[in-house]
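Peer 1: Please read through the structure below; I'll follow up with questions.
The values are calculated or read from the model by the stated rules, or taken from the named source; none is laboratory data. Predicted model only: the values in this text are computed from it and were never measured. When we count neighbours, we look across all protein chains shown, and the Cβ atoms used for this are built from the backbone with ideal geometry, even at glycine.
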């Protein structure tokens, strides 16, 4: 447990390590890299993934360095490096929103205490707690008299799989910022980009102040649904945005694991279409073709396929005991995703029951690895 002082580089490294752990302990190494930048916010000074020991090593290497920033959401370093080499930018590149790979939190810069144009720190803290859900983490961004960095941390980091999802997430973070800005009467930093850089807890600033934890609540971890606000009128007037929202809603079961834990459970635990078929009496005929239980003909009943980057089956037998074969046009070969198969075969088609069960399984796996302490001005929180 770290002592409540900020005078040594060892303690600062401990604070930084705890901050990194709070944000990234639920991530996998292939979720992306944390990118660190210098005072200009445009020059790369380092990066690391979230693999074993990397967060502690990064914290140790950052100890005592002035004015270092981090891309809070995880970045696709291979894409950043390829663009750097292509454009000849060298170290002067830290990534854009198009290179964000995994979203770990919604986070906002909340100016306070500067002058009469801003709210007091006490008032800003009151405003933050008026949000639909309170922050997971609040950081003193400029000592104990300046503003805050506020984080709403996702229980399950969100891996972006397409440009449509990227645009949708950007819309959600924008709505979150606008809502807070309304509560603050417009006295708020207007930036909510998903590739945002913020200062690192435990690091000193060149003005002599430090970046410290103000309060941290490890139990406040949120699903993407809990951070989703309704679209504003200017958004709904744009056809492109309407198409994005419609597409995401229609494919939510297959591309939004945070709001539909079934997909996340399947991916996290490596469940396959073949597993489900084998467990429920289907016989493999070869070349991806399978025979339904009780078939007398011996001909294929279904075949493994994929749609929207999700595996599943095309069903050709009208006598299949679990899955319909008819498409909307009356032909056979209806597609059922692995998510639909899982819910049908293991939960009798009850999506709510399946989601609750999967969420519980995921939580048990995640929380086994989320025991940490975080130093605040009042001491350490276990």
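Peer 1: Out of all the residues in segment 41-87, which are touching a residue at least 12 places away in the same chain (Cβ under 8 Å) and at positive phi?
Peer 2: Of everything in segment 41-87, those that are touching a residue at least 12 places away in the same chain (Cβ under 8 Å) and at positive phi turn out to be 41, 46, 64, 67.
Peer 1: Among the residues of segment 339-382, which ones are at pLDDT below 80 and on the phi > 0 side of the Ramachandran plot?
Peer 2: 379
Peer 1: For segment 68-93: of the residues being at pLDDT below 90 and outside any helix (DSSP H, G or I), which is surrounded by the fewest Cβ atoms within 10 Å (Cβ to Cβ)?
Peer 2: If we take residues in segment 68-93 being at pLDDT below 90 and outside any helix (DSSP H, G or I), then 88 is surrounded by the fewest Cβ atoms within 10 Å (Cβ to Cβ).
Residues are listed down the side, and each one gets a yes or a no for (1) touching a helix residue (DSSP H, G or I) at 6+ places or on another chain (Cβ under 6 Å); (2) part of a loop (DSSP other than H, G, I, E, B); (3) within 26 Å of residue 151 (Cα to Cα); (4) at pLDDT 90 or above:
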{"residue": "185", "(1), (2), (3), (4)": "no, yes, yes, no"}
{"residue": "188", "(1), (2), (3), (4)": "yes, yes, yes, no"}
{"residue": "202", "(1), (2), (3), (4)": "yes, yes, yes, yes"}
{"residue": "215", "(1), (2), (3), (4)": "no, no, yes, yes"}
{"residue": "229", "(1), (2), (3), (4)": "yes, yes, yes, yes"}
{"residue": "243", "(1), (2), (3), (4)": "no, no, no, no"}
{"residue": "248", "(1), (2), (3), (4)": "yes, no, yes, no"}
{"residue": "277", "(1), (2), (3), (4)": "no, no, no, yes"}
{"residue": "285", "(1), (2), (3), (4)": "no, no, no, yes"}
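Peer 1: Of all residues in segment 26-48, which are buried (at least 19 other Cβ atoms within 10 Å of the Cβ) and either under 15 Å from the mean Cα position of the chain (by Cα) or part of a helix (DSSP H, G or I) (or both)?
Peer 2: 26, 27, 31, 32, 33, 34
Peer 1: If residue 57 passes every condition in (1) within 16 Å of the chain's Cα centre (by Cα); (2) assigned to a helix (DSSP H, G or I) but one, which one does it miss?
Peer 2: (1)
Peer 1: Among residues belonging to segment 260-275 that are outside any loop (DSSP other than H, G, I, E, B) and without any contact (Cβ under 8 Å) to a residue 12 or more places away in the chain, point out the one that is farthest from residue 333 (Cα to Cα).
Peer 2: 267
Peer 1: Taking only segment 94-114 into account, find how many residues are under 10 Å from the mean Cα position of the chain (by Cα) and more than 12 Å from residue 196 (Cβ to Cβ). If you could, list the steps in order and put the result at the bottom.
Peer 2: Pass one, segment 94-114, residues under 10 Å from the mean Cα position of the chain (by Cα): 101-106.
Then drop every residue that is not more than 12 Å from residue 196 (Cβ to Cβ), which leaves 101-102.
Selection size over segment 94-114: 2.
Peer 1: When both residues are 6+ apart or on different chains and their Cβ atoms are under 6 Å apart, which pairs have a first residue that lies in segment 218-231 and is closer than 21 Å to residue 102 by Cβ, and a second that is at pLDDT below 95 and assigned to a loop (DSSP other than H, G, I, E, B)?
Peer 2: 223/258; 224/258; 224/259; 225/259
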